[in-house]
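Bear in mind these aren't lab numbers, they're just calculated from the coordinates by the rules spelled out. Note that this is a predicted model, so its numbers are computed, not measured. Using ideal geometry, Cβ is built from the backbone for each residue, glycine included, and neighbour counts are taken over all protein chains shown.
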Amino acid sequence: MPLAHESHLNEWVEPFPGANYLRQTLAVAEADIRKLIHDPVELFTRMVQPVLWLLIFGQVFNRTRAIPTGGISYLDFMAPGILAQSVLFGAIFYGISLIWERDLGIVQKFLVSPAPRSTLVLGRAISSTVRSLCQMVFVYLLSYLLHIHLRIEIPALAGVVLAVMVGSAIFSTFSLIVACLVKSRERFMGIGQVLTMPLFFASNAIYPLTLMPSWLRVVSKANPLSYQVDALRTLMIVGSSTSFGLGKDFLMQFIAFAVLVAVATKLYPTIVT
Amino acid sequence: MDTTPGTNVIEVLSLTRRYGLLVAVDHLTFSVASGATFGLLGPNGAGKSTLIKMLTTLLPPTEGTAKIAGFDLVKHPELVRKKIGYVSQMLSADGDLTGYENLLISAKLYGMPRTERSRRIAQALEFMELAHVGGKLVRQYSGGMIRRLEIAQSMLHRPSVLFMDEPSVGLDPSAKRSVWERIRELRREFGTTILMTTHDMEEADHLCDTVAVMHRGVLAAMDTPAALKAQVGAESSLDDVFIHFTGATISEGGELRDAARTRITSQRVG
């Protein structure tokens, strides 16, 4: 009998402080990424939206030349906005999987494990970033085909990867919070729809802040998506200028993420009560 | 360590949970000795699931507490979690992952180092007679196989206490017996203390040393199955005991969600 006479050794020594925390966080992400590998269809269906925006909306508005884009073409201007949009749309509905897994009893199993609650939140944020990075590769390919003036330099690309990851982590964690509050799939779908459009339109994704009425500019400056788009535009497009400065773009995003993780960690266990 | 035979590994002290005016679990006090299998019977809405949720740290109690493997549930839920395993009423193994992957993720969540992990996962798959399907997606498993996988998952870190919420709900008789056999074997191998809820009187008779009948948030009776049957009358079955102490054959109350969940689980295993 292979199981017999095994010592009840439960306290494993960590190879370095925080190793367990890291292992648990990555385990949560790994579960989701393995599912994605078993069934990657979702990645392909998500490609439809950026194609429509860039090919139809972008091509038409590129001709109007009505939007002040600071010396770059409208297609160049909007490509980072569309990348941010596809990150946002992908991440904002991510919380529904929490409700689904709660109904199946999977979340309960994670919650009775000794993994700290914050690892459960961070792990999900990481798996969301993996999906978004796939989107990023696709939007880059599409942009290349559309002759958008991309900055193909290692530091700039690394910056885009970081901005996509942080943006995805922010909106997937926000989505987790919404899931914990509304608790049912039907309500979540309703609220998800209501949230996405205002977040998108109250940002600088497809038009600059200067074009907005002053009240909308205030809203836009409180919207993490604006900082994500600004960072992406600066790092992605040749000749574009930043509105806030890259430092502020990332700082605002990191602050937003930290606050959302704290709130989500607090709310996560309530999804099962 | 207080999980040596003869000591109480679960001590429930005036544990209470209220939902508004409804008292789902009403000042429960009982204990379970180390290595014992304790069965909780009761109609839907009796408070069994609420009790299990509190004991597994999923739901904070309104009042009272419990000590699990020596740790206070309210003060140190994180220490309690290291000592317990949980098999929920739902089929909680992830259908979109393989059996091996389900075990792998669990092992990592419990902080198991790589070498220990591979050894224990291989053993668990073999022990649960799942080694040949370890690489298959769980959604292709039968109900009995999923249950065995879940028990393996909950035992990977060798918990002192295993909580099982209706472990054989919806299983056909042979799958049920195979699950029972594994539960008994785990108990023999590791001396695990088990607290399980069930609607299945045969299951309670087969597996439990002590049975408690829960009704409207309190324990209406608690003793060995034999003693309970004797108490009700000569040649009584546990069904008679259940009816005697709960006072009705038709269950009242119970959340719609609980009933729906049982049906869904039954459908998925069926």
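Fewest first, what order do B:Leu130, B:Leu195 take by the number of other Cβ atoms within 10 Å?
So the ranking, lowest neighbour count to highest, is B:Leu130, B:Leu195.
How large is the direction-averaged shadow of the alpha-carbon convex hull of the protein assembly as shown, in nm²?
Taking the Cα atoms of the protein assembly as shown, their convex hull projects to 27.7 nm² on average.
May I ask you to derive the relative contact order of segment A:162-273, considering only C-alpha pairs under 8 Å and at least 6 residues apart, and to give it as an integer percent?
39 percent
Which of B:Glu181, A:Glu101 comes first, and how do the rest follow, when ranked by fewest Cβ neighbours within 10 Å?
Ranked by crowding around the Cβ, least crowded first: B:Glu181, A:Glu101.
Among the aspartates and glutamates, which have Cα under 20 Å from the Cα of A:Lys248 when same-chain residues fewer than 8 positions away are ignored?
Filter leaves A:Asp230.
Tell me, what HN-Hα J-couplings in whole Hz come from the Karplus equation 6.51 cos²θ - 1.76 cosθ + 1.60 at θ = phi - 60° for each residue of segment B:200-205, using x for Gly and Pro?
My calculation for segment B:200-205 gives 9, 5, 5, 4, 4, 5 Hz in order.
Give the average over all directions of the projected area of the C-alpha convex hull of segment A:98-210, one decimal, in nm².
For the Cα atoms of segment A:98-210, the hull's average projected area reads 9.6 nm².
Seen from all sides and averaged, what is the projected area of the convex hull of the Cα atoms in segment B:8-82, in nm²?
4.9 nm²
In whole Å, what is the distance between the alpha-carbon centres of segment A:157-210 and segment A:17-77?
Centre-to-centre (Cα) distance: 12 Å.
Within straight cross-link reach of A:Lys35, meaning Cα distance under 20 Å, which lysines are found once same-chain residues fewer than 8 apart are removed?
In chain and number order, the partners are A:Lys109, B:Lys108, B:Lys136.
What dipole magnitude, in Debye to the nearest 20, does chain B give about its Cα centre under +1 on Lys/Arg Cβ and -1 on Asp/Glu Cβ?
Here the size comes out at about 1000 debye.
Which lysines have a Cα lying under 29 Å from the Cα of B:Lys229, excluding residues fewer than 8 positions away in the same chain?
Straight-line reach from B:Lys229, under 29 Å: B:Lys48, B:Lys53, B:Lys176.
Is segment B:161-252 rounded, prolate or oblate when judged by the Cα gyration tensor, a ≥ b ≥ c being the square roots of its eigenvalues, rounded requiring a/c under 1.5 and prolate requiring a/b larger than b/c?
Prolate, since a/c reaches 1.5 and a/b exceeds b/c.
Consider just the alpha-carbon atoms of segment A:138-266 and return their Rg together with their Dmax, both in angstrom.
15.8, 46
Rounded, prolate or oblate: pick one for segment B:172-218, where a ≥ b ≥ c are the square roots of the eigenvalues of its C-alpha gyration tensor, a/c under 1.5 means rounded, and failing that, prolate if a/b is larger than b/c, else oblate.
oblate
Taking the Cα atoms only, what angle lies between the long axis of helix B:114-127 and the longest principal axis of chain B, rounded to 10 degrees?
Its long axis makes an angle of about 60 degrees.
Compute the relative contact order of chain B as a whole-number percentage, counting only Cα pairs closer than 8 Å that sit 6 or more residues apart in sequence.
Normalised by residue count, the contact order of chain B is 26 percent.
Under 4 °C and 1.567 mPa s, how fast does chain A diffuse according to Stokes-Einstein, given a Kirkwood radius computed over C-alpha pairs? Answer in µm²/s, whole number.
The calculation lands on 65 µm²/s.
Using only Cα atoms, find the angle between the long axis of helix B:173-190 and the longest principal axis of chain B, and express it within 0 to 90 degrees, rounded to the nearest 10.
Helix B:173-190 and the main axis of chain B meet at about 80 degrees.
For segment B:73-175, count the residues as N, evaluate 2.2 N^0.38 Å, and divide the Cα radius of gyration by that value, please.
That works out to 1.06 for segment B:73-175.
For the protein assembly as shown, what is the calculated [θ] at 222 nm in deg cm²/dmol (nearest 500), taking -39500 (n - 2.57) for each run of four or more DSSP H residues and dividing by its residue count?
Estimated from H runs of four or more residues: -17500 deg cm²/dmol.
Using r as the Cβ-Cβ distance of B:Lys136 and A:Leu141, and R0 as 25 Å, what FRET efficiency do you calculate, to the nearest 0.05?
0.15
What is the Cα coordinate range of segment B:1-146 on the first, second and third principal axes, sorted by size from largest, in whole angstrom?
48, 35, 24
Which FRET efficiency, nearest 0.05, do A:Glu153 and A:Leu133 yield, Cβ-Cβ r, R0 22 Å?
That gives a FRET efficiency of 0.75.
What are the equivalent ellipsoid semi-axes of chain B, built from the alpha-carbon gyration tensor (square roots of five times its eigenvalues), in whole angstrom, biggest first?
Semi-axes, largest first: 29, 22, 18 Å.
Helix check for chain A. Which DSSP H runs span at least 24 Å along their own axis by Cα, with a mean Kyte-Doolittle hydropathy no less than -0.5?
Span-like helices here: A:19-38, A:74-92, A:117-145, A:154-182, A:185-201, A:246-267.
So for the protein assembly as shown: antiparallel DSSP bridges make up what percent, rounded to the nearest 5?
Antiparallel bridges: around 55 percent, rounded to the nearest 5.
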